[in-house]
Amino acid sequence: MSPFEHGEVFVTDDGAETDLDLGHYERFTGVAARMTDSVSSGRIYSTVLEKERRGDYLGKTIQVVPHVTNEIKEFLKVGDDEVDFMLCEIGGTVGDIEGLPFFEAIRQFSHDKPRGDCIFMHLTLLPYLAASGELKTKPTQHSVKELQSIGIAPDILVCRSEHPIPDKEREKIALFCNVRPDAVVAAYDLNSIYEAPLAYHAQGLDQAVLDAFNISPAPQPDLSKWEDVQDRVNNPEGAVNVAIVGKYTQLEDAYKSIKEALTHGGMSNRVKVNVEWVDAEVFDHEDAAPHLEGYHAILVPGGFGERGTEGKIKAAQFARERKVPYLGICLGMQMAVIEAARNLSNVADAGSEEFDHEAGKKRFTPVVYHLKEWVQGNHRVRRNEDDDKGGTMRLGAYNATLNPDSLVAKIYGSTAIEERHRHRYEVDIQFREQLEEKGLLFSGMSPDGRLPEIVEVKDHPWFIGVQFHPELKSKPFAPHPLFRDFVRAAKEMSRLV
Ligand code: GLN
């Protein structure tokens, strides 16, 4: 998936690289997503082909129905025995060619279940014509018709709309689409996505779902958690300006979880976090200061490839020297280490093997090198230079041990953490001693002590680089400690400047 087209790649604890939607589910439900929570057409087809090669179908003719649809149904069932409700989203638009096998599979799935065990909710759009001042219900009617023609009758319609839906329109939709009027639920545009749970409650979505399942009367929901979140979003007591110095700055979705985690950090500090996207490439060859002055904190996110890295290294230098709070994530940590090696430790040509591999020639002293072997839980993982690019990353949750005297141990309130990874390259521990002498402390390490997980600058108010992705675990009602404290440091900085 290209970050330019699809936005960020969301990584689960068990190491699945998935769509960013799964991140939203995790942030809203608080339930950690797993590999078995998301699937693509590609994965379904490749499993069917593998099974065919293995002879699992015993020489039968392989068809979309039943082989592909059965595979989708099997996928749906994985892990469903531990839960009361299972929510299954089919992405895309009704009528997409890619979606058809999935629609057929969920139709069959509901058919296989006892009556009332499965309901269908359909998300539609009610466009507003400003010229005539009317909401158009036709697109909704059409997509419902399309669904009905493949045997799926929605129980609930969630209608995206910029404007309130007049009763007359609501009744029309209900009648023509064959749903009850109180099952036509408005989804109005909101200031913040975190207002959605309360907004849906006000529109009666929760009641409509319970009604459709015949669960009533039901106890009143406790929404105090979301009321607190909404209050914090809507009533900040100040604002901080944070620069994200990255590569995919044209597409904000490429850093979706970072943006959300910063919002969560803002909520816990009761400040609004204004994020500015700064393209690192712009100051690859010039002074970074004019581009970075005035921000209360700088964040360098993860990334791949050499483009823009000289600018990121300069951003790390600027933050270190000017004592501006800095959070380096994955590539952002590697850049901070390269910066310290070059400017504090006199390794003038310090760099990452990633960039030499890309360029096909050796130019740098590899302070960051390609990892070929590591420990995951109780076993050893090995990789080759020429393994498939798709399968060579250190992915998913890994433990780290923190130095009890470090800033990060204070922030986490613990010396044992578990965070999600997605990278091929690692900071080389050979440089530890010389960098620590100059004030770049290796304050978090893999439990075997071989892989640097966190670095921090001594005598700096807040300079931390992490090899993992803390943003993936932040929730609105449980902001990640690193983001909470990073925004706190930015808030303090905003009082100084
Ligand atoms: N490109 C770097 C690596 O593979 C960093 C990856 C990242 O930032 N997620 O190690």
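Couple of notes before you dig in:
- Region 106-149, residues that are exposed (fewer than 14 other Cβ atoms within 10 Å of the Cβ) and in contact with a Phe, Trp or Tyr (Cβ under 7 Å, 6 or more places away or on another chain): Gly116
- Counting only strands (runs of 3 or more DSSP E) that sit completely within region 245-361, those holding 3 or more residues that are away from the ligand (no atom under 16 Å from the Cβ), of a type outside the set (Gly, Ala, Ser) and in contact (Cβ under 8 Å) with a residue 24 or more places away in the chain correspond to 272-279.
- Residue in region 105-114 that is of a type outside the set (Asp, Glu), more than 30 Å from His142 (Cα to Cα) and in contact with an Asp or Glu (Cβ under 9 Å, 6 or more places away or on another chain) present: no
- Scanning region 433-457 for residues that are within 25 Å of Gly266 (Cα to Cα) and surrounded by fewer than 16 Cβ atoms within 10 Å (Cβ to Cβ) gives no hits.
- Criterion applied to Gly99, Gly92 was being at negative phi, modelled with pLDDT under 95 and under 31 Å from the mean Cα position of the chain (by Cα), and the one residue passing it is Gly99.
- For region 281-315, a residue qualifies if it is small (Gly, Ala, Ser) and either surrounded by 19 or more Cβ atoms within 10 Å (Cβ to Cβ) or not assigned by TED's automatic domain parsing to the domain that holds Ile258 (or both), and the qualifying residues are Ala288, Ala297, Gly302, Gly303, Gly308, Gly311, Ala315.
- Within region 316-349, being more than 28 Å from the chain's Cα centre (by Cα) and surrounded by 24 or more Cβ atoms within 10 Å (Cβ to Cβ) holds for Ala340, Ala341.
- Which listed residue, of Ala243, Ala261, Ala254, Ala289, is more than 20 Å from Phe28 (Cα to Cα) and within 24 Å of the chain's Cα centre (by Cα): Ala243
- Matching residues, region 411-442, being under 16 Å from Leu327 (Cα atoms) and away from the ligand (no atom under 16 Å from the Cβ): Ile411, Tyr412, Leu440, Leu441, Phe442
- Of all residues in region 185-215 being among the hydroxyl-bearing types (Ser, Thr, Tyr) and either in the same structural domain as Pro479 (by TED's automatic domain parsing) or assigned to a helix (DSSP H, G or I) (or both), the one that is surrounded by the most Cβ atoms within 10 Å (Cβ to Cβ): Tyr194
- Those residues of region 78-125 which are among the aromatic types (Phe, Trp, Tyr), touching a helix residue (DSSP H, G or I) at 6+ places or on another chain (Cβ under 7 Å) and closer than 21 Å to Arg34 by Cα, in sequence order: Phe102
- Residue within region 479-494 that is under 24 Å from the mean Cα position of the chain (by Cα) and within 25 Å of Phe355 (Cβ to Cβ) present: no
The values are calculated or read from the model by the stated rules, or taken from the named source; none is laboratory data. Keep in mind that what you see is a predicted model, and the values were worked out from it rather than measured. Don't worry about glycine lacking a Cβ; one is built from the backbone with ideal geometry, like all the others, and counts go over all protein chains shown.
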